[in-house]
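The next block holds one structure in the form of structure tokens; read it before the comments.
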Amino acid sequence: MKIYDTLTRSLAEITHSGSKVTMYCCGPTVYRDAHVGNLRTFLLSDLIRRTLELQGNSVVQIQNITDVGHMSEDFHDQDKLLTQAKLEKQDPYAIARKYEEGFHLDTQALNILPATGFPRASDHITLMQELISSLIAQGNAYIGSDKSVYFDAASYPGYGELSGNKLDALKPGHRYEYSDDDGKKFHADWALWKSAGSRSEMVWESPWGLGFPGWHIECSAMSMKYLDAKIDIHVGGIDLRFPHHEDERAQSNSYLGRECVNLWVHGEHLLFEGRKMSKSAGNVVLIRDLISRGFDPLALRLVFLENRYRSQMDLTWETIAAANKTISRWRKLFSEVRGVEPQVNEEILESLNDDLDTPQVIQAIRKVEKSSDLTLEEKSAFVLYADKVLGLDLHRKPEVQLLTSELQKLIDDRAAAREAKDWDRSDALRKILESHGLVIQDSASGQEWSWADPK
Ligand code: AMP
Ligand code: ZN
């Protein structure tokens, strides 16, 4: 399989030195629900993985959960999580776990296969401290005048190769990190460990005093630990190319004395009605917004598949509605066919192996659907094979919208709450279920659920 490598700026074959392909995908910062833009990037690693697995490869995939250290420009250099915890008047760890759970539900709704592991930054503080100590000992990092530890950007000769932002072109005054750290010696250096200052939550003891880790060091520490310091593919959104991945590469490569990541793969941004989807732009769409409008979340997956991952794409409600219709039509056609096995198809493989040309595969399905030369069984065998990567559940009956195990658990919890006559909890659970597009009806014989009609 060939994929576009940001470092060499060319298509490259995915290879693996061990028995399995190792893939690291930057995960969510769990201070809010993942929006569908984030999910487009998470889908990218799923598509790479499914394509590799379709051809007999095993993939170990690690996706980190950022629950500390990601600073925000929007909130005057505050930790995104602590800011949200204050806003919601909750413990920061409770906020982190709540949105982490939401992330798993949302990815599940999009048929994104769960990674092999989801390590949390806050569970790996010692690991990060050990890495920072080694970088200091090797002369790649230093303790700043403010007791924070900084990476010495000039100590890594390859700095700037990934993003094109070479040190001699980087000007002072540009914000390279989400903080105007004033204890560093050079403007392009960045914090590996930040001194706590007045901060009292999510801080840890360290050889350099009380503090917390920077964002970039978590990905170096956890990717090397869980993938044996040999990462075949590293995936993230294009905005992470700089500074996040540039800095991660400098850290990991300096520590190892060799290249840590073989291929850097970046997905382009999702726009919504013309602007990059982001919380600060105020144009965020969530999976639950789709469900409450009566759309199958997999309609969104189809919209993503109809666009190449390396192109910016503009999402609208109209494109989602059109994809929703297409999926229903395909399901109507293919769910009736029985006893057909997926048929290996070279054309599909070629498209996927060619830098994930999913639009080409969708086109092929449209052609097959219309073909008068193929029997319905032949068409079905073709679609079954493609769907192993597309993940659109095209053989599911259209009218049956399956419950996720999480929703089923909420329904069971509500039955138990009613049994215990805990009406407050039962009402609260009803609200959550309704927000996921379910209609709940209580009667003497118990509760019944159905999907709300599309709006
Ligand atoms: P975050 O939770 O903010 O750390 O972001 C998680 C992932 O989503 C990162 O890989 C980002 O690059 C990616 N991302 C953020 N905004 C968008 C967007 N509008 N379209 C596609 N990916 C995005
Ligand atoms: Zn990362």
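Residue count for segment 47-66 satisfying the condition of being within 24 Å of Ile14 (Cα to Cα) and either part of a helix (DSSP H, G or I) or within 16 Å of ligand 2 (Cβ to nearest atom) (or both): 12.
Contact annotation: residue pairs with Cβ atoms under 6 Å, 6 or more positions apart or on different chains, pairing a residue in segment 207-225 that is at negative phi with a partner that is within 16 Å of ligand 1 (Cβ to nearest atom) and in a helix (DSSP H, G or I), are His216/His244; His216/Asp247; His216/Glu248; Glu218/Ala121; Cys219/Glu248; Ser220/Glu248. Does any residue of segment 168-187 turn out to be more than 16 Å from ligand 2 (Cβ to nearest atom) and in a helix (DSSP H, G or I)? Checked segment 168-187: at least one residue is more than 16 Å from ligand 2 (Cβ to nearest atom) and in a helix (DSSP H, G or I).
Any idea how many residues of segment 292-328 are of a type in the set (S, T, N, Q) and assigned to a helix (DSSP H, G or I)? The number of residues fulfilling the criteria is 5. Scanning segment 39-57 for residues that are more than 23 Å from Asp314 (Cα to Cα), within 14 Å of ligand 1 (Cβ to nearest atom) and in contact (Cβ under 8 Å) with a residue 40 or more places away in the chain turns up nothing. Out of the residues in segment 239-261 meeting the condition of being away from ligand 2 (no atom under 13 Å from the Cβ) and part of a helix (DSSP H, G or I), tell me which one is nearest to Ala153 (Cα to Cα). Step by step, filter segment 239-261, then rank; the result is Ala250.
Scanning segment 107-139 for residues that are part of a helix (DSSP H, G or I) and in contact with a Lys or Arg (Cβ under 8 Å, 6 or more places away or on another chain) yields one hit, Leu127. A single member of Arg40, Arg49, Arg9 is of a type outside the set (A, V, I, L, M, F, W, C) and in contact with a Phe, Trp or Tyr (Cβ under 6 Å, 6 or more places away or on another chain), and it is Arg40. One residue stands out among those in segment 213-238 that are touching a Cys at 6+ places or on another chain (Cβ under 7 Å) and more than 11 Å from ligand 2 (Cβ to nearest atom): the one that is nearest to Val59 (Cα to Cα), which is Ile231. Candidates in segment 9-46 are the residues that are of a type in the set (Ser, Thr, Tyr), within 21 Å of Ser223 (Cα to Cα) and in a loop (DSSP other than H, G, I, E, B); of these, the one that is farthest from ligand 2 (Cβ to nearest atom) is Ser19. Tell me, yes or no, whether segment 246-261 has at least one residue that is within 16 Å of ligand 1 (Cβ to nearest atom), closer than 23 Å to Leu39 by Cβ and at pLDDT below 95. Taking every residue of segment 246-261 in turn, none turns out to be within 16 Å of ligand 1 (Cβ to nearest atom), closer than 23 Å to Leu39 by Cβ and at pLDDT below 95. For segment 358-415, a residue qualifies if it is in a loop (DSSP other than H, G, I, E, B) and in contact (Cβ under 8 Å) with a residue 60 or more places away in the chain, and the qualifying residues are Gly391, Leu392, Asp393, Leu394, His395, Arg396, Lys397, Pro398, Gln401, Thr404. For beta carbons closer than 7 Å, sequence separation of 6+ or different chains, a first residue in segment 7-34 that is among the aromatic types (Phe, Trp, Tyr) and a second that is more than 16 Å from ligand 2 (Cβ to nearest atom), the qualifying pairs are Tyr31/Gln84; Tyr31/Ile95; Tyr31/Tyr99. Being buried (at least 22 other Cβ atoms within 10 Å of the Cβ), touching a Lys or Arg at 6+ places or on another chain (Cβ under 8 Å) and at pLDDT below 95, is that true of even one residue in segment 214-235? Yes, the conditions are met somewhere in segment 214-235.
Return the pair list, or none, for Cβ contacts closer than 9 Å from residues in segment 425-445 that are within 19 Å of Ile291 (Cα to Cα) to residues that are of a type in the set (Gly, Ala, Ser) and loosely packed, with under 13 Cβ neighbours inside 10 Å, at least 6 apart or on different chains. Close Cβ pairs (under 9 Å, with a partner that is of a type in the set (Gly, Ala, Ser) and loosely packed, with under 13 Cβ neighbours inside 10 Å) amount to Leu438/Ser450; Val439/Ser450; Ile440/Ser450; Gln441/Ser450. Quick one: count up the residues across segment 196-245 that are within 20 Å of Met71 (Cα to Cα), basic (Lys, Arg) and away from ligand 1 (no atom under 12 Å from the Cβ). Summing the residues that are within 20 Å of Met71 (Cα to Cα), basic (Lys, Arg) and away from ligand 1 (no atom under 12 Å from the Cβ) in segment 196-245 gives 1. Looking at segment 435-450, can you tell me whether even one residue there is hydrophobic (A, V, I, L, M, F, W, C), out of contact with any strand residue (DSSP E or B) (no Cβ under 8 Å at 6 or more places or on another chain) and assigned to a helix (DSSP H, G or I)? Among the residues of segment 435-450, not one is hydrophobic (A, V, I, L, M, F, W, C), out of contact with any strand residue (DSSP E or B) (no Cβ under 8 Å at 6 or more places or on another chain) and assigned to a helix (DSSP H, G or I), which makes the answer no. Every condition in (1) away from ligand 2 (no atom under 16 Å from the Cβ); (2) surrounded by 20 or more Cβ atoms within 10 Å (Cβ to Cβ) is met by Ser280 except one, and the failing one is (2). Given the structure, is Asp289 out of contact with any Gly (no Cβ under 6 Å at 6 or more places or on another chain), within 11 Å of ligand 1 (Cβ to nearest atom) and part of a helix (DSSP H, G or I)? The answer is no for Asp289.
The values are calculated or read from the model by the stated rules, or taken from the named source; none is laboratory data. Keep in mind that this is a model prediction, so the values were computed, not measured. As a convention, Cβ positions derive from the backbone with ideal geometry for all residues, glycine included, and neighbour counts pool all protein chains shown.
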